[in-house]
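In what follows, a single structure is set out as structure tokens and then discussed.
Every number in this text was worked out from the coordinates using simple rules, so none of it is lab data. Computed from a predicted structure; not experimentally measured. A quick note on method: Cβ atoms are made from the backbone with ideal geometry, for glycine too, and the neighbour counts reach across all protein chains shown.
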Amino acid sequence: MPEVLISEVYQITNRVTGQVIKFLKSTDDTAGEYLEMEATYLPFSSEPPLHYHPAQEEFFQVEEGELTIRLNGEVKILRKGARVHIKPNIRHSMWNSGFKPTVVNWKIVPAMNTEQFLRTMTRLSNQGKTDKKGMPSFPVLLFLLQKYRKTFRLDTLAGISLQLLCILLLPTFFVRNYKKRFNNPSHL
């Protein structure tokens, strides 16, 4: 295995949702093998959309507080020390329905482009380009879902529906220069 240099720990804060993600091991740190983060959820955070990852596994451990999880159609509350392993294609969502902040250790295997996706979504929120739940406008959402389709998928938009909608919105993507803007998130 090649030697991997560990970069400095950095974090992103979504000013809309309040979620803080501290990157413990970045994609570069692990040569893409995994991404390890510490996520902090504010009390009474909103449930994100039900989603799944077609080619990644996720591992969560609750470090502080309690994490509410929707998994396999059931809602459960996980407390400090609890662990959950989510296999590819399993629909899920996570949030904090409790009174105290929740801190979770979160590992994604393989990393793929999840780090870029999280940074892009946070930057959009922080620039006021999302709604109060952190969701971008419909054309931007469709573009990002298409761009990150190997990493992240919403349960409500099936592959063919997403592709057809993206074809219809191609002129919008072109006119607004989405490809350049979202390949270099600093241009958002």
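Could you line up ASP131, ASP29 from fewest to most neighbouring Cβ atoms inside 10 Å?
If I rank by nearby Cβ atoms, fewest first, I get ASP131, ASP29.
Straight-line reach from LYS132: which aspartates and glutamates fall under 15 Å, measuring Cα to Cα and dropping same-chain residues less than 8 apart?
GLU47
Could you give the length gained by full extension between LYS179 and LEU71, i.e. 0.36 nm per residue of separation minus their alpha carbon distance, to one decimal place?
35.5 nm
Can you give the translational diffusion coefficient of the chain in µm²/s, computed by Stokes-Einstein from the Kirkwood radius over Cα pairs at 25 °C and 0.890 mPa s? Working shown, then result.
Numbers: Rh = 17.3 Å.
Using the Kirkwood radius from Cα pairs, D works out to 142 µm²/s.
Residue by residue through the range 31-47, which ³J(HN,Hα) values in whole Hz follow from phi under the Karplus form 6.51 cos²θ - 1.76 cosθ + 1.60 (θ = phi - 60°), with glycine and proline marked x?
For the range 31-47, the Karplus-derived couplings read 6, x, 5, 7, 10, 10, 9, 10, 10, 10, 10, 6, x, 6, 5, 7, 6 Hz, x marking Gly and Pro.
What's the lysine pair count for the range 70-130 at a Cα cut-off below 27 Å, pairs eight or more apart or interchain?
Eligible lysine pairs with Cα atoms under 27 Å apart amount to 6.
Would you please name the chymotrypsin sites (Phe, Trp or Tyr not before Pro) within the range 55-101 that are DSSP coil residues with at most 12 other C-beta atoms within 10 Å of their C-beta? Before the final figure, lay out the partial values.
Working: sites: PHE59, PHE60, TRP95, PHE99; in loops: PHE99.
Here the sparse-neighbourhood loop sites are PHE99.
Most mobile of ILE90, ILE21, ILE108 per a Gaussian network model of the chain (Cα springs, under 10 Å)?
Of ILE90, ILE21, ILE108, the Gaussian network model singles out ILE90 as fluctuating most.
Between ASP131 and ARG91, take the C-beta separation as r, use R0 = 25 Å, and let me know the FRET efficiency to the nearest 0.05.
Result of the calculation: an efficiency of 0.70.
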